[in-house]
Every structure is written in C-alpha cells, then in structure tokens.
C-alpha cells in the first residue's frame, strides 16, 4: 500500500476515530490488497470448489 492509498483509507474514516481503529482499517486494506494479488497470481480457490466445501460444512 502506498502512502497516498493509506491517506485515502484514513480520510474515509470518521473524525472521532481512534489510533487503534486507524491501524485496524489500514491492516484490513493491506490484507485485501494481498488477497487480490494472490488471486490474480492464480493462487485462489475456484468458486466451484468453495461451493463444494461449504456444502460439505452445511451437511455436517
């Protein structure tokens, strides 16, 4: 995440946000960016496979 992206995340938060909430928002954004990069690199699980896994969980 770039500095400008971090600033953008912070600017979207309410004025009374705490430092802990800012850090949490930045961590969530970073994890989302990492997940997107992983999926784009072909490291994700196809939706069909996820559907099968969820179906098995629901049967238990």
Checklist entry - How big is region 3-59 on each of its three principal axes, counting only the C-alpha atoms and giving the largest first in Å? => result 45, 28, 14
Checklist entry - Helix 47-59 versus the longest principal axis of the chain: what angle, 0 to 90°, nearest 10, using Cα atoms? => result 70
Checklist entry - Relative to the longest principal Cα axis of the chain, at what angle does helix 19-40 sit, 0 to 90 degrees, rounded to 10? => result 40
Checklist outcome for this item: Sorted on mean Cβ neighbours within 10 Å (highest first), peptides 23-31, 6-14, 52-60 come out as 23-31, 6-14, 52-60
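Each reported figure results from applying straightforward, stated rules to the coordinates on display, with no laboratory input. Remember, predicted model here, so these are calculated numbers, not experimental data. Glycine gets a Cβ as well: all are built from the backbone with ideal geometry, and neighbour counts include every protein chain shown.
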